Amino acid sequence: MKKQQITGWLLIAGAAGVFIPYTILSILFNYPDVLRQEPGSILTQFHNGGNGLIGTWFAFAILGLPLVPAYQLIGQQIEKHSIWSKTATTVGVIGLIVQMIGLLRWTFVVPVLSEQYVNTTDLAMKAAAVSSFSTLHQFAGVLLGEHLGQLFTIIWTIMISLILVKIKWFPRWMGWLGLISSLIYLLAQAELFATVIPGFPVWEMAGFLGSTLWLIWLLITGILMI
């Protein structure tokens, strides 16, 4: 199988690996809306989800890993055509890794805090669980996963879209799809600033619409490469 075809299958596998657990989480855990609820409510809902919810979060973090070699293979194939290929690959891989780290908090840290919050009658222990979760949620979730992870992914998408259209691997409309999805996805960053700046203007549909268009772009990219 040609390197380009392998890249295409990895992109499709990675996109499916992100979409499937995301959809399950939206059904079982009201994700991503649940992220902006009160910490006590989040911990209670998470605890009620049991081991199945923990496993789904692990799948969400891990099943996107085929995108790492896919990004690297794309970079290798366009290296002779663009001096920015290595930079794009580095940015993209960093974005994937920090998002994975942010997601894995739901598998290895949040279960401990939810157990502490739900199964203790000590108000001080409950308050400690809420405080720990809030700090973790803001750092690993908002800062790492949602801000840096998504921002680096957006930058990678813009760079790759421009390069692939320039070297005529893709039709021009694919470049526009990549750019438009990235710009809409970028607008979702406003929601993150709203967590620390009350009243910051937010377009609530930006995250869902931007990420959905990005996944469609990723799938089409994989299909075209195959």
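Inspect the range 159-180 for any residue being under 16 Å from the mean Cα position of the chain (by Cα), part of a helix (DSSP H, G or I) and charged (D, E, K, R) and give the result as yes or no. Taking every residue of the range 159-180 in turn, none turns out to be under 16 Å from the mean Cα position of the chain (by Cα), part of a helix (DSSP H, G or I) and charged (D, E, K, R). If you check 136, 65 for being closer than 30 Å to residue 170 by Cα, surrounded by fewer than 20 Cβ atoms within 10 Å (Cβ to Cβ) and in contact with a helix residue (DSSP H, G or I) (Cβ under 9 Å, 6 or more places away or on another chain), only one passes: 65.
Of the set (1) in contact with a helix residue (DSSP H, G or I) (Cβ under 7 Å, 6 or more places away or on another chain); (2) over 20 Å from residue 141 (Cβ atoms); (3) surrounded by 15 or more Cβ atoms within 10 Å (Cβ to Cβ); (4) of a type outside the set (Lys, Arg), all apply to residue 223 but (3). The lone criterion from (1) loosely packed, with under 13 Cβ neighbours inside 10 Å; (2) at pLDDT below 95 left unmet by residue 164 is number (1).
Scanning the range 1-15 for residues that are in contact with a Leu (Cβ under 8 Å, 6 or more places away or on another chain) and without any contact (Cβ under 8 Å) to a residue 24 or more places away in the chain turns up nothing.
Can you find, within the range 71-88, the residue that is surrounded by the fewest Cβ atoms within 10 Å (Cβ to Cβ) among those that are more than 16 Å from the chain's Cα centre (by Cα), in contact (Cβ under 8 Å) with a residue 60 or more places away in the chain and within 18 Å of residue 10 (Cα to Cα)? Looking at the filtered set, the residue picked out is 76.
Kindly list, by first and then second residue, each pair from a residue in the range 23-50 that is on the phi < 0 side of the Ramachandran plot to a residue that is hydroxyl-bearing (Ser, Thr, Tyr) and assigned to a loop (DSSP other than H, G, I, E, B), limited to pairs with Cβ atoms under 6 Å and residues at least 6 apart or on different chains. What qualifies is 25/31. The residue that is nearest to residue 35 (Cα to Cα), counting only those in the range 195-213 that are assigned to a helix (DSSP H, G or I) and touching a helix residue (DSSP H, G or I) at 6+ places or on another chain (Cβ under 9 Å), is 207.
The values are calculated or read from the model by the stated rules, or taken from the named source; none is laboratory data. Just so you know, these numbers come straight off a predicted model, no measurement behind them. All Cβ positions, glycine included, derive from the backbone under ideal geometry; neighbour counts span all protein chains shown.
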